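Below: one structure, written as structure tokens.
The values are calculated or read from the model by the stated rules, or taken from the named source; none is laboratory data. Small disclaimer: the values here were computed from a predicted structure and weren't measured. Here the Cβ is made from the backbone with ideal geometry for all residues, glycine too, and neighbour counts use every protein chain on show. For accessibility, only protein heavy atoms count, side chains too; no ligands or nucleic acids. Shrake-Rupley method; radii C 1.70, N 1.55, O 1.52, S 1.80 Å.
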Amino acid sequence: MTGKKLPLIILAAFILGTVMLIYVHHIFSKNNDGLITGNEKLLSEVKVNSQLRDLEKDIISIESTVRGTVVTNDTINFKGLKKDIAEIESNLNQLQKISDDDSSSFYIDELDTLVQHKVRFSEQIINTFLSKGEYAAAYLFSSRNGERLTDSIVNAIHKIDSTRKRHFDDANISIRKSSGKAQSFITILIASVLAGGAVLFWFIINTIRRQAQLIGQLNISEKKERESAEVKEKFLANMSHEIRTPMNAIIGFTYLLQRKELDEESKEYVDAMQKSGENLLAIINDILDLSKIEEGMMRIEEAPFSIRGLLHSVKAMFIDKAREKGIVFSVTIDNETPDKLVGDTTRLTQILVNLIGNSLKFTHKGSIALQVTAEGIKDNIVNAGIAITDTGIGIEQKKLETIFDRFQQADDDVTRKYGGTGLGLAIVSDLIRLQNGSIKVESEMGKGTSFHITMPYKIANEDVPGNDINELNISDFKDVKILVAEDNEINQSLIKHLFKTWKLGYDMVNNGREVLDILQRKSYDLVLMDIQMPEMDGYTATLAIRRGLKLEVPVIAMTAHALAGEREKCLGYGMNEYISKPIREKQLHNLISQFIQNKKAAQSQKEHVQVLTPTAYKYINLDYMREISEGDKEYEKTVTGQFIEAITRELDALEVSWRNKDMPALRSIAHNMKTTISVMGLNEILQPPLDVLEYEILSDESFQKSMSSIHLVGTGALTEAQSLYATF
């Protein structure tokens, strides 16, 4: 049953139920009326019968009273005579009200006449008795006229009673019929309710069954979607690594070649290499940015910047290319726009570079103009209006509606002639939306295109340095020593050349194991850590540096996995920052400078914190446990003891399950350990390696890597938990 039919069925059931209730009410009302009418008729007949009996009794009573008076010569019997006559008249009046169209009326009229004669005859005897005496009254009584009248009255009463008996029987039949109908209808109603209940019960059970099937299908679909997402992520990660690693070397050495004195032909070749590398890297970045946006991992930073300095930098990027094509490239900003703003300069630069790059690609003559205006300032927020206008080939009107869709370009001919993935404008639109901005486009074929962006920015209060591009200050790295972990020989050569140029001291190792060995003997100002290395990867090595060696040396990750969440993953393992390959000279220089300059301040702050919290633990974090316990030390002691017992057992169980190749047990233990470690605040550290054991297809190498991290942190946390338990 589809979701659309269900409301209609419910509505139909409601209407049907309402109609049935109205019908039930009608039937019951009709039957009740029949029963009431029958009962009224029955009561009326009973009343008539009672009146006839009373009338007969009163006539006999009158005759008895008269006879007693004459025989006993005692007038005291007259006292009840008037009362009997009054009752007789009352009963006759009630009987005269019967209006049935049958012989009853005739017999009642006859009865009325006889009763009147009887009453007058009785009154005549009484009057004779009073006026002429006992004998005259006895003579009159002996004429037997009174007895004949009495017999006639009784006979008339019996006729009326016989006539009314038929009405009594009709009333009884009517009552029985109405009662029978009501009983039958109640039986039908009960059967209908039971049938309806059975149907409703079946419907509910069937709906629950369908819902269960749907939930099962959704679970299967969700699992497939999750597996598909994992496959996609692994594919993008592998693609990123496999392409970015050689690209790092190609672009890096191209920059180095461009610094040397080259003949025209060699310079042309190097420029072509550089442009091709940049184009390929742009495609990779588009795909990876798209992945980040889809996963909700695209981070929008907020930092003070100079809008005029940023525009100066953007202009410097494109001015030479524009001149080469004979295009006028102008950048203007009105005086009303504040210079010092707060926002994400990286994403704004990415937006502008993408749009200006498109304009430069599709414009062969004329001009490209970048103009920034203040479209309104309110509550310390400026709506920056950014317009990029060119005199290029333009876009068809029918294509404008889909121009910001993914994998869309203005025309197939454009794709063949100019290249590109069709992702640039889609990413621009997403980036603008993530910053609460808007974008619209106007274009005319053969005359050009204009993009207009509105972006809200806070107005900064403090001074913000400009974004002018300066030469690298080589003297910044005097007396600095860096440890580099990189297994790729070409990348090693590139880094060696850069560090030699910067006069920066360094040691080079090939894997994470060598990093740990050398850090136990020597100290460094910074570690550049590649992620994918043989024997021990960068994640495991960094975790060992933090948890095993207990060193706070800054670690910068170098990885070709420029995917959504990669930076957060690196930070979660204890790294301080992240730089994606191919490594840019200025970006790496600035990053190293930042950590070197902040080292002393960071160390001072750390020493201050350690003085304030001398009992801080290296592994366990008690914030969660104390939040739950709310000061209950007995609870804290109990869960600490449970952790000590469980962590040892589960670490051993993981090893045993792997040796026995019991993967279901291994995955179940890894899943349960996430609950065990949560009480000691170890999820952030141990969640990634436990996820590997629970979800991924394991090799001996991948198991040992994950198990090494889990065992290192687990044993360290066990020691600290035992120390904590002793304090209770």
Subject >> Scope region 46-62; condition small (Gly, Ala, Ser) and either without any contact (Cβ under 8 Å) to a residue 12 or more places away in the chain or open to solvent by 50 Å² or more (accessible area, probe 1.4 Å) (or both); matching residues >> reply: SER50
**OP:** Check TYR578, TYR635, TYR619 and return the single one that is within 17 Å of GLY681 (Cβ to Cβ), open to solvent by 30 Å² or more (accessible area, probe 1.4 Å), of a type in the set (Ser, Thr, Tyr) and at pLDDT 75 or above.
**Re:** TYR635
Original post:
Which condition number in (1) modelled with pLDDT under 75; (2) buried (at least 17 other Cβ atoms within 10 Å of the Cβ); (3) part of a helix (DSSP H, G or I) is the one that GLU278 fails?
Top reply: (2)
Subject >> Residues of region 525-542 that turn out to be open to solvent by 20 Å² or more (accessible area, probe 1.4 Å) and over 19 Å from GLY716 (Cα atoms), as a count >> reply: 5
**OP:** Kindly list, by first and then second residue, each pair from a residue in region 336-360 that is farther than 20 Å from ILE459 by Cα and part of a helix (DSSP H, G or I) to a residue that is acidic (Asp, Glu) and at pLDDT 85 or above, limited to pairs with Cβ atoms under 6 Å and residues at least 6 apart or on different chains.
**Re:** SER359/ASP390
Subject >> Hey, LYS41 within 25 Å of LEU111 (Cβ to Cβ), open to solvent by 80 Å² or more (accessible area, probe 1.4 Å), at pLDDT below 70 and in a helix (DSSP H, G or I) or not >> reply: yes
**OP:** Return a yes/no flag: does region 11-19 have any residue that is in contact with a helix residue (DSSP H, G or I) (Cβ under 8 Å, 6 or more places away or on another chain) and either of a type in the set (D, E, K, R) or modelled with pLDDT under 70 (or both).
**Re:** no
Original post:
Based on what the data block shows, is LYS181 in a helix (DSSP H, G or I), modelled with pLDDT of 70 or more and open to solvent by 60 Å² or more (accessible area, probe 1.4 Å)?
Top reply: no
**OP:** Kindly indicate the residue of region 639-686 that is surrounded by 14 or more Cβ atoms within 10 Å (Cβ to Cβ) and outside any helix (DSSP H, G or I) and also farthest from the chain's Cα centre (by Cα) among those meeting that condition.
**Re:** ASP662
**OP:** Could you please let me know if GLU401 is in a strand (DSSP E or B) and among the charged types (D, E, K, R)?
**Re:** no
Original post:
Between a first residue in region 543-556 that is over 14 Å from THR715 (Cα atoms) and a second residue that is open to solvent by 30 Å² or more (accessible area, probe 1.4 Å) and part of a strand (DSSP E or B), which pairs have beta carbons less than 9 Å apart while being 6 or more apart in sequence or on different chains?
Top reply: PRO554/GLU577; VAL555/GLU577; ILE556/GLU577; ILE556/TYR578
Subject >> Residue satisfying condition, being in contact with a helix residue (DSSP H, G or I) (Cβ under 8 Å, 6 or more places away or on another chain) and either open to solvent by less than 30 Å² (accessible area, probe 1.4 Å) or part of a helix (DSSP H, G or I) (or both), within set GLU694, GLU627, GLU701 >> reply: GLU694
**OP:** Kindly provide the set of residues from region 334-352 that are touching a helix residue (DSSP H, G or I) at 6+ places or on another chain (Cβ under 9 Å), β-branched (Val, Ile, Thr) and farther than 27 Å from HIS364 by Cβ, ordered by number.
**Re:** THR337, THR345
Original post:
Considering only region 336-365, how many residues are open to solvent by 40 Å² or more (accessible area, probe 1.4 Å) and farther than 24 Å from ASN436 by Cα?
Top reply: 4
Original post:
For GLU110, are the conditions met, namely being assigned to a helix (DSSP H, G or I), acidic (Asp, Glu), open to solvent by 30 Å² or more (accessible area, probe 1.4 Å) and at pLDDT 70 or above?
Top reply: yes
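Conditions tested, residue by residue: (1) in contact (Cβ under 8 Å) with a residue 24 or more places away in the chain; (2) out of contact with any Gly (no Cβ under 7 Å at 6 or more places or on another chain).
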| residue | (1), (2) |
| --- | --- |
| LEU622 | yes, no |
| LYS633 | yes, yes |
| ASP662 | no, yes |
| THR675 | no, yes |
| VAL679 | yes, yes |
| GLU694 | yes, yes |
| ASP700 | no, yes |
| SER723 | no, yes |
Original post:
Across region 423-448, what is the total count of residues that are out of contact with any Gly (no Cβ under 6 Å at 6 or more places or on another chain) and touching a residue at least 60 places away in the same chain (Cβ under 8 Å)?
Top reply: 11
**OP:** For MET575, state whether it is under 28 Å from TYR619 (Cα atoms) and assigned to a strand (DSSP E or B).
**Re:** no
Original post:
What number of residues within region 414-433 are surrounded by fewer than 17 Cβ atoms within 10 Å (Cβ to Cβ), modelled with pLDDT under 85 and either of a type in the set (D, E, K, R) or not in a loop (DSSP other than H, G, I, E, B) (or both)?
Top reply: 4
Original post:
Residues of region 440-481 being at pLDDT 90 or above, closer than 21 Å to ILE300 by Cβ and touching a Leu at 6+ places or on another chain (Cβ under 9 Å), which ones?
Top reply: PHE451, ILE453, MET455, TYR457, LYS458, ILE459
Subject >> Those residues of region 317-329 which are open to solvent by 20 Å² or more (accessible area, probe 1.4 Å), over 21 Å from VAL428 (Cα atoms) and touching a residue at least 12 places away in the same chain (Cβ under 8 Å), in sequence order >> reply: LYS321, LYS325, GLY326, VAL328
Subject >> Selection count, region 477-509, where residues are out of contact with any helix residue (DSSP H, G or I) (no Cβ under 7 Å at 6 or more places or on another chain) and open to solvent by 70 Å² or more (accessible area, probe 1.4 Å) >> reply: 5
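Condition check ((1) farther than 30 Å from SER64 by Cβ; (2) surrounded by 15 or more Cβ atoms within 10 Å (Cβ to Cβ); (3) at pLDDT 70 or above) across all residues:
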site: THR150; (1), (2), (3): no, yes, yes
site: ILE173; (1), (2), (3): yes, no, yes
site: ILE186; (1), (2), (3): yes, no, no
site: SER192; (1), (2), (3): yes, no, yes
site: ALA198; (1), (2), (3): yes, no, yes
